[in-house]
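Below is one structure, written out as C-alpha cells; the observations come after it.
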Amino acid sequence: MNINERSEKIHRELKGKIGTQIKTEVRNKDDLSIVYTPGVAHVSSLIAGDKNLAYEFTGKANTIAIISDGSAVLGLGNIGPEAALPVMEGKALILKEFAGVNGVPIVLDTQDTEEIIKTIKHIAPGFGGIILEDFSAPRCFEIENRLKKELNIPVIHDDQHGIAMVALAGLLNSLKLRNENRDGDRDVRIVVAGAGAAGVAIAKILHADGFKSILVTDSKGIISKNREDLNSTKKDLLEYINNENIEGDLKDALKDADVFVGVSVGGTVTGDMVASMAKDPIIFALANPTPEIDPDTAYESGAFIVATGRSDYANQLNNAVVYPGLMKGALGGSKCQFTMNTFISVSRALAAHVEPTKEAILPDVFDKEIVEVVAQVVREAVC
C-alpha cells in the first residue's frame, strides 16, 4: 500500500487519532464523592473565588485548543470543518507525543470573522492557550490580532509563525554552510512565493532579523507599488519589501536571487528558473503535498541546498519541530502573548541546536531535546 492507502486504513480503523484519558481511578463511591459530587463542589467554590486557581485544580494549565474553520487546509484549500478535523487531531497527537501537552481539536461551522472571534472568546476559559490553524488569509490576521488583544492566554496562528520560525532557522544554517561557516550574512536576495498567511509571516520575520532584500510574489506576480489590486495586508508588506519596486512574475523575481522560499503552489518553479539564480542558490520548496520544484530537479539545476515540507525527503521544514515546545513553554498561567522577539529567539535556538549539514539543516522532529530547548526560550522571552 502507498502512503495514502495506509493513512486511510489507519484512520478508518482508529476512528480518530486521539482520545481522553483519566488520571485517577474511580473504584467505589468514596472515590466518586471525591472526584465528583459532593467533593468537587468545594474545588469549584475555590475557583469561583479566584479564577487563577483553575490552573492548579484543572487541566487548563496543560491544555490547548486547536481551532480551525477549514478554510485553508494544507494544500487542499477551503474544504470545511469536518474535513479539517483529521489535521487538527494530528496536531493534537503531536503536541501530546512530543511535549506532553493536551490538545483539543475544535472545528467551527462558520467562516464569519466576528462569529469566530466571539466563539473562541466564549470557550477560552477552559484552555491555557489557543492554536489557530488553517484559517484563510487575510481573515487570519485579524482573528489572531484581535484574540491576542482580547484574551489573557497565549494565542498563535501556527500557519503564520510556526513555518516562519522554521524557515528562518533553516535559512540561518543554510547560509552558514554556503558561506563557509561565516555567521551574520544578511546580504542576500530572497524571493518568497506566496502572500498568504505563511508568506507574509516569513517576509516579516526575515525583515525583523535583518534581511533587507526581499521580494514577495503572489499568483499575479511580484508585489510592487504599481500594483492596483493589492489588499491591505499586501500593501503593508511594501513598507519593507521590494525597495527597488521591481515588477514582473516569479521567473523575473528569481533571476540572480540567492534564496527561494515557496509557500504557494506545487510545480511552479522550473529547473531553468533555478539555473537563473545566483551561484549556489538555497531552495525551500515548502508547498504541500507537491513542492514548487522536485528536489532532484533543483539539485540538477545548481541548487546548493533544497528543503521541502515533506517527511519523505531530506531537509523537511515542518512547524512540528517548533509548536510543541512553543506551547509547552507558554503554558502555566502566563498572560503574556508571543512577540516577534520570541519568534526570532526560537529560530536562533533551533538553528544553534544542531551542527548543520546540507542534508540536515535543522534538528529532527524526533530529537527528544528540542521541545525543552524551545520551551526554555519561550519561558525566558515570551514576556
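Of note:
- Filtered residues of region 299-324 (kept if assigned to a strand (DSSP E or B) and surrounded by 23 or more Cβ atoms within 10 Å (Cβ to Cβ)): Ile305, Val306, Ala307, Thr308
- Restricting region 45-74 to residues that are out of contact with any helix residue (DSSP H, G or I) (no Cβ under 8 Å at 6 or more places or on another chain) and surrounded by 14 or more Cβ atoms within 10 Å (Cβ to Cβ), the residue that is farthest from Arg139 (Cα to Cα) is Gly59.
- All conditions but one from (1) within 35 Å of the chain's Cα centre (by Cα); (2) in contact (Cβ under 8 Å) with a residue 12 or more places away in the chain apply to Val43; the one that does not is (1).
Here's the yes/no breakdown for (1) small (Gly, Ala, Ser); (2) in contact with a helix residue (DSSP H, G or I) (Cβ under 7 Å, 6 or more places away or on another chain); (3) within 24 Å of Gly266 (Cβ to Cβ):
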{"position": "Ala208", "(1), (2), (3)": "yes, yes, no"}
{"position": "Lys212", "(1), (2), (3)": "no, no, no"}
{"position": "Ile223", "(1), (2), (3)": "no, yes, yes"}
{"position": "Arg227", "(1), (2), (3)": "no, no, no"}
{"position": "Leu230", "(1), (2), (3)": "no, no, no"}
{"position": "Lys234", "(1), (2), (3)": "no, no, yes"}
{"position": "Leu237", "(1), (2), (3)": "no, yes, yes"}
{"position": "Glu244", "(1), (2), (3)": "no, no, no"}
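- Check on Ser224, without any contact (Cβ under 8 Å) to a residue 24 or more places away in the chain and buried (at least 16 other Cβ atoms within 10 Å of the Cβ): yes
- Criterion (in a loop (DSSP other than H, G, I, E, B) and either surrounded by fewer than 24 Cβ atoms within 10 Å (Cβ to Cβ) or in contact (Cβ under 8 Å) with a residue 60 or more places away in the chain (or both)) met by exactly one of Val346, Val373, Val365: Val365
- Boolean, Ile190 is assigned to a helix (DSSP H, G or I) and closer than 24 Å to Leu74 by Cα: no
- Given (1) closer than 27 Å to Gly267 by Cβ; (2) over 19 Å from the mean Cα position of the chain (by Cα); (3) assigned to a helix (DSSP H, G or I), index of the condition Pro125 fails: (1)
- Candidates Ile22, Ile66 - the one that is over 30 Å from Ser311 (Cβ atoms) and either in contact (Cβ under 8 Å) with a residue 12 or more places away in the chain or not in a helix (DSSP H, G or I) (or both): Ile22
- Test: Phe57 is without any contact (Cβ under 8 Å) to a residue 60 or more places away in the chain and either more than 30 Å from Thr308 (Cα to Cα) or of a type in the set (D, E, K, R) (or both): yes
- Number of residues in region 256-289 that are more than 21 Å from Ala201 (Cα to Cα), surrounded by fewer than 15 Cβ atoms within 10 Å (Cβ to Cβ) and not aliphatic (A, V, I, L, M) equals 5.
- Taking region 331-343 as the range and being in contact with a Cys (Cβ under 8 Å, 6 or more places away or on another chain) and either among the small types (Gly, Ala, Ser) or not in a loop (DSSP other than H, G, I, E, B) (or both) as the test, only Ser334 passes.
- Check on Ile163, among the hydrophobic types (A, V, I, L, M, F, W, C) and not in a strand (DSSP E or B): yes
- Single residue of region 8-40 satisfying the filter (among the basic types (Lys, Arg) and surrounded by 10 or more Cβ atoms within 10 Å (Cβ to Cβ)) that is nearest to the chain's Cα centre (by Cα): Lys17
- Here Ile293 does not qualify as in contact (Cβ under 8 Å) with a residue 60 or more places away in the chain, closer than 21 Å to Leu177 by Cβ and among the β-branched types (Val, Ile, Thr).
No lab work stands behind these numbers, since they all come straight from the coordinates. These numbers come from a predicted model, not from an experiment. In this analysis, Cβ positions are derived from the backbone assuming ideal geometry, glycine residues included, and neighbour counts consider all displayed protein chains.
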